[in-house]
Amino acid sequence: MAVEAFGLERSTSAARRPGAFGTALETCTPKTAERWVWLAYDQLNTSFIDALPETTGTTGVVLIESTHKAKQQPYHQQKLAVLLSNQRHFALELQRSGIPVLYLLSARPYAHVLEELGARLGRIHAFQHAERSTRLEVVGLETTGVLVVHDHPGWLTSRKWFVDSVGEQPPFRMDAFYRTVRQHTGWLMEAGKPVGGKYSFDAENRFPWKGEPAAPSPPVFNLDEIDSEVAVMVQQRFKHHPGAVDMTSVPTSAEDIERAMRFAMEVLPWFGRYEDAMSEQSRGLFHSRLATLLNLHRVWPADLVKCALGSGAPLNSVEGYVRQLIWREYVHHIHDVTEGFTRLDIARASSTRGAGWSGGGQVDDGHPNFLQQSRRLPMAYWGQKSGLRCLDASVESVMEDGWTHHIPRLMVLSNLANLMDIDPRELTDWFHAAFIDAYDWVVEPNVLGMGTFALGSAMMTKPYVSGSAYINKMSDHCSSCAFHPKKNCPITSMYWAYLYRHRTAFAGNHRMAIAMKNVERRSDEQKATDEATYLHVVKTLEQGESLEPPTHGDLRRWTSSS
Ligand SMILES: Cc1cc2nc3c(=O)[nH]c(=O)nc-3n(C[C@H](O)[C@H](O)[C@H](O)COP(=O)(O)OP(=O)(O)OC[C@H]3O[C@@H](n4cnc5c(N)ncnc54)[C@H](O)[C@@H]3O)c2cc1C
Ligand code: SF4
């Protein structure tokens, strides 16, 4: 039985109770293949094998399931399930196409397993890892010759394009990189000029959705015995992790992936126009929901670009979608050139890790924190009701699906954390654990650089913060909220309080000049109400309680009685 490869892991329960997956996997020996390549958990695609140097012999694939990795964070159960089921499906797909597979289950780090395996197999090929944590874990094996590491073939863009257009030092700006990529690839270009006369149709991506066209129903996937086995395993072994498993909502098999791709192309025509809209009638609206598959490389990014370009969808949708895929590259390069921001000269602070879920709690130093925000993440982010409908609806989506689209991530979950001065590293840990598509290279730039202002202006010119007007315009949350967006919603007051509190840090930032002038114009009484509102909200949520509107009148009454 191959799950017990070479008896390395005789004590694993899978070895004793093979189940459907263990039974389906055939036995291999070191001689079954001439050379072996280790494909990590997020390299689940045969294009990696195609990218190896040519050989006339057989190439076998090593896949490792490490519970050590799974325990590094309180990962959402759905995230563990989608990753493990995809990896197991991939193993069986490889085997069906005649590629030998060694599938190892281990409670130890990858490096330990590979070192032992190297003694049996000789040099093992591998590809540069997207996650810095994994790169660091196995870097020693490259030095000792256990691993021969090749360039990662899955990225759409080279580091050279990034460095030539953006540089290796901040400020990092997307526009120059985006133009460079469009020019190099020829995507949406005609005779050296952007199709439609401009590179970005961003202004046509910001419409609220009022029910028309009807929202699509996201695909419901068939469960097979691999899915069911993984679901039970995660529910048993990781029952103390947040969230729940629902394998019908996530693609895992090759057939599911085709279905997920079809869905993405079906909704693409409306993606552009309603990209920023949020609705409780449809959490995903016209978003593709493909980030999980892309980040695992079950969907090959270049194939997706080709589909989008050939889809025939309106230009604002196709351009918007291709731009998002280039954003993905952009954040990867930033993380890569700064070594996960360790090379940035930026204000830092120590942080409590683990996002407040049980099991975390250790403090470590040196995390980027431009505004020196240090409040702990309230339990409202783990599902305790806050009374703020926009926050509660977004958290419900995260707890149930391990996912929201971009705007709830940015303009609700990050915005409110920002306005409450939550420690940005703690917020990042929460995003990393709770979202099914989160890996260090993508979640860290998005939360530290865009969702919060922890990197200062290294990545964004100003923080993405707003009061209730934006949420009211772009969503239907306010219509079912106990608060009124124009009369007593605390978010607008918190927005003013945030600007005033951080006025020294924002002084001299030209993009903030108008907002700072406006906050200075507020009367002393308004400023006092803003500050008291902020304190009332953070105190209430820190105590795990729910906010209620003041019984009569506006927030002045609420805050004076609190
Ligand atoms: C605070 C915050 C945290 C985020 N954390 C993650 C994360 O952990 N993992 C992740 O993949 N994305 C993250 N994003 C980016 C983006 O929100 C998600 O990629 C997207 O919502 C996933 O849903 P989708 O597949 O339907 O995307 P769509 O809206 O259909 O977009 C298409 C694709 O573009 C890519 N994309 C779009 N924007 C970004 C971006 N800013 N960075 C990287 N890729 C992008 C994704 O691969 C996505 O699948 C984050 C954004 C913010 C503001
Ligand atoms: S009224 Fe305020 S708290 Fe309620 S949903 Fe709207 S923005 Fe959010």
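The table below lists the values:
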read-out: In region 467-520, residue farthest from ligand 2 (Cβ to nearest atom) [restricted to those that are among the hydroxyl-bearing types (Ser, Thr, Tyr) and open to solvent by 40 Å² or more (accessible area, probe 1.4 Å)]; value: THR504
read-out: Wholly within region 111-222, helices (runs of 4 or more DSSP H) carrying at least 1 residues that are without any contact (Cβ under 8 Å) to a residue 24 or more places away in the chain and within 23 Å of GLY60 (Cα to Cα); value: 132-143
read-out: Where a residue in region 402-413 is farther than 22 Å from LEU80 by Cβ and its partner, wherever it lies, is within 14 Å of ligand 2 (Cβ to nearest atom) and small (Gly, Ala, Ser), with Cβ under 6 Å and at least six apart; value: PRO408/SER394; VAL412/SER394
read-out: Counted residues, region 530-562 - those being among the β-branched types (Val, Ile, Thr), modelled with pLDDT under 95 and open to solvent by less than 30 Å² (accessible area, probe 1.4 Å); value: 1
read-out: Residue match in region 240-256 (condition: more than 22 Å from MET174 (Cα to Cα), within 11 Å of ligand 1 (Cβ to nearest atom), in contact (Cβ under 8 Å) with a residue 24 or more places away in the chain and touching a helix residue (DSSP H, G or I) at 6+ places or on another chain (Cβ under 9 Å)); value: no
read-out: Residues being over 29 Å from GLU329 (Cα atoms) and surrounded by fewer than 17 Cβ atoms within 10 Å (Cβ to Cβ) - total across region 117-141; value: 4
read-out: Members of region 150-195 found to be open to solvent by 60 Å² or more (accessible area, probe 1.4 Å) and either charged (D, E, K, R) or touching a Leu at 6+ places or on another chain (Cβ under 6 Å) (or both), listed by number; value: ASP151, ARG159, LYS160, ASP164, GLU168, ARG173, ASP175, ARG179, GLU190, LYS193
read-out: Filtered residue count, region 27-44, keeping only those that are at pLDDT 90 or above and open to solvent by 20 Å² or more (accessible area, probe 1.4 Å); value: 3
read-out: Positions within region 417-440 being among the hydrophobic types (A, V, I, L, M, F, W, C), touching a Phe, Trp or Tyr at 6+ places or on another chain (Cβ under 9 Å) and in a helix (DSSP H, G or I), in sequence order; value: ALA417, LEU419, LEU427, TRP430, ALA433, ALA434
read-out: Residue in region 270-281 that is of a type in the set (A, V, I, L, M) and either more than 16 Å from ligand 2 (Cβ to nearest atom) or open to solvent by 40 Å² or more (accessible area, probe 1.4 Å) (or both) present; value: no
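The values are calculated or read from the model by the stated rules, or taken from the named source; none is laboratory data. On a predicted model such as this, the values are computed, not experimentally measured, just so you know. In this analysis, Cβ positions are derived from the backbone assuming ideal geometry, glycine residues included, and neighbour counts consider all displayed protein chains. Only protein heavy atoms, including side chains, enter the accessible area calculation; ligands, DNA and RNA are left aside. Shrake-Rupley method; radii C 1.70, N 1.55, O 1.52, S 1.80 Å.
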